[in-house]
Structure formats: C-alpha cells, structure tokens
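Peer 1: Have a look at this one.
None of the figures in this text is laboratory data; all of them are computed from the coordinates on show. The model shown is predicted, which means the values in this text are computed figures rather than measured ones. Here the Cβ positions follow ideal geometry from the backbone for every residue, glycine too, while neighbour counts run over all protein chains shown.
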Amino acid sequence: MTKDAFWQRKTLAEMSADEWESLCDGCAKCCLHKLEDAATGEVSYTDIACRLLDLGTCRCTSYADRRRFVHDCIALDADAVPRLGWLPSTCAYRLVAEGKELAWWHPLVSGNPETVHRAGVSVRGRVVAEQKAGDPLKHTVKWPE
C-alpha cells in the first residue's frame with residue numbers, strides 16, 4: 001500500500017461511487033439489528049441479521065433495492081458517517097472520516113476479501129437470521145473490536 005491509495009488522499013465526500021463501495025470491508029456489522037435505549041440513547045448490537053443479509057457471504061442479497069424492502073435501512077454517505085456512533089471502530093468509513101489507517105485485514109490492504117472473515121472481524125458464523133431470532137432482547141452482544 002502506498003501513500004497514493006485513494007482512501008489516504010481523499011475525503012469520503014471526494015470519493016467516486018466505486019471507491020466508496022470498495023471501502024466496505026464486508027464485516028456486515030451494520031446489517032445487524034440494533035437496540036436503542038429511549039432514555040439514554042445508548043445503542044446495543046444484537047446478533048440478529050437483517051433479512052436481506054446472506055449469512056455466508058456477509059453481503060446484502062438486494063443491495064441496490066434494499067431500502068425498498070427494509071425501510072429503515074440506513075444508506076451511508078459522507079455526511080452521515082460522522083453522526084453514526086454505532087458504526088464499529090473497525091469500519092473503514094469511520095476510520096477514513098477520522099483520518100485513521102485501514103486494518104491489515106481490510107480487502108483494500110490485504111488484496112483478499114476473505115481476510116475480514118479469517119481475522120474474525122465479520123459476523124460470519126456468529127449471527128442468527130431475522131426470521132428465526134425471536135425476542136431481540138435475548139440477542140444483545142458485545143462484538144470484539
């Protein structure tokens with residue numbers, strides 16, 4: 001990786017659509033149901049995957065049309081990233097916004113989309129399908145950073 005890597009020289013707002021999409025490491029943590037405490041605003045992760053998430057690939061099965069099927073799906077953009085405190089500290093969008101480096105396992109660094117899974121950063125093998133979950137309060141988790 002050289003200092004000329006686009007994520008090191010561009011802001012999120014300056015990135016092309018292809019560059020933006022390539023920043024996604026495929027961890028799928030953003031595709032999990034989250035619970036927000038109405039009194040404190042604190043957000044907790046669950047191990048419940050969105051119904052559109054392919055649990056094996058950790059990719060959306062209907063990415064282009066996801067908001068049509070999941071109305072509260074949040075589309076990330078350069079303005080939203082800094083406001084979304086629930087994005088994991090490992091999220092490339094968050095890291096770039098904070099001026100930090102991408103991790104060794106990020107596909108743009110490693111050259112291999114499987115390293116995010118091999119490093120144990122993704123949700124692969126650790127989540128339950130939305131349709132089978134039941135009570136979300138019984139599915140809160142602390143994801144390792």
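Peer 1: Length gain on complete extension for the stretch residue 89 to residue 6, per 0.36 nm per residue less the alpha carbon to alpha carbon distance? Please list the in-between numbers first.
Peer 2: Details: separation 83, 0.36 × 83 = 29.88 nm, distance 2.02 nm.
Gain on stretching residue 89 to residue 6: 27.9 nm.
Peer 1: Of the lysine pairs in the chain, how many meet both conditions: Cα atoms under 26 Å apart, and a spacing of 8 or more in sequence or different chains?
Peer 2: Qualifying lysine pairs in the chain: 13.
Peer 1: Given only helices, namely DSSP H runs of n ≥ 4 each adding -39500 (n - 2.57), what is the per-residue ellipticity at 222 nm of the chain, to the nearest 500 deg cm²/dmol? Intermediate results must be reported in sequence, preceding the final value.
Peer 2: Values: 7 runs with 32 residues, N = 145.
The per-residue figure over the chain is -4000 deg cm²/dmol.
Peer 1: Which three semi-axes in whole Å describe the equivalent ellipsoid of region 6-141, each the square root of 5 times a Cα gyration tensor eigenvalue, listed largest first? Please report the intermediate quantities before stating the final value.
Peer 2: Numbers: eigenvalues 119, 61, 45 Å².
So the equivalent ellipsoid measures 24, 18, 15 Å along its semi-axes.
Peer 1: Taking 8 Å as the Cα distance limit and 6 or more residues as the minimum spacing, I'd like the relative contact order of the chain as a percentage.
Peer 2: Numbers: 177 pairs, mean separation 47.4, N = 145.
The value is 33 percent.
Peer 1: Determine ³J(HN,Hα), in whole Hz, for all residues of region 14-29 in sequence, where each value follows from phi through the Karplus function 6.51 cos²θ - 1.76 cosθ + 1.60 and θ = phi - 60°; x replaces Gly and Pro.
Peer 2: Working through the residues one at a time gives 7, 6, 6, 4, 5, 4, 4, 5, 5, 5, 5, 7, x, 6, 6, 5 Hz.
Peer 1: For residue 100 and residue 34 in the same chain, what is the full-extension length gain: residue separation times 0.36 nm, less their Cα-Cα distance, in nm?
Peer 2: Working: separation 66, 0.36 × 66 = 23.76 nm, distance 2.52 nm.
Working it through step by step, the gained length comes to 21.2 nm.
Peer 1: For a footprinting-style exposure proxy, rank 81, 128, 96 by other Cβ within 10 Å, fewest first. Spell out each step's value before the answer.
Peer 2: Numbers: 81 19, 128 15, 96 22.
Sorted ascending by nearby Cβ count, the order is 128, 81, 96.
Peer 1: Count charges around residue 141 for me, please; just the other residues with Cβ under 11 Å from its Cβ, Lys/Arg as +1, Asp/Glu as -1.
Peer 2: On the way: positive: 29, 34, 126, 138, 142; negative: 47.
With Lys, Arg at +1 and Asp, Glu at -1, the neighbours total +4.
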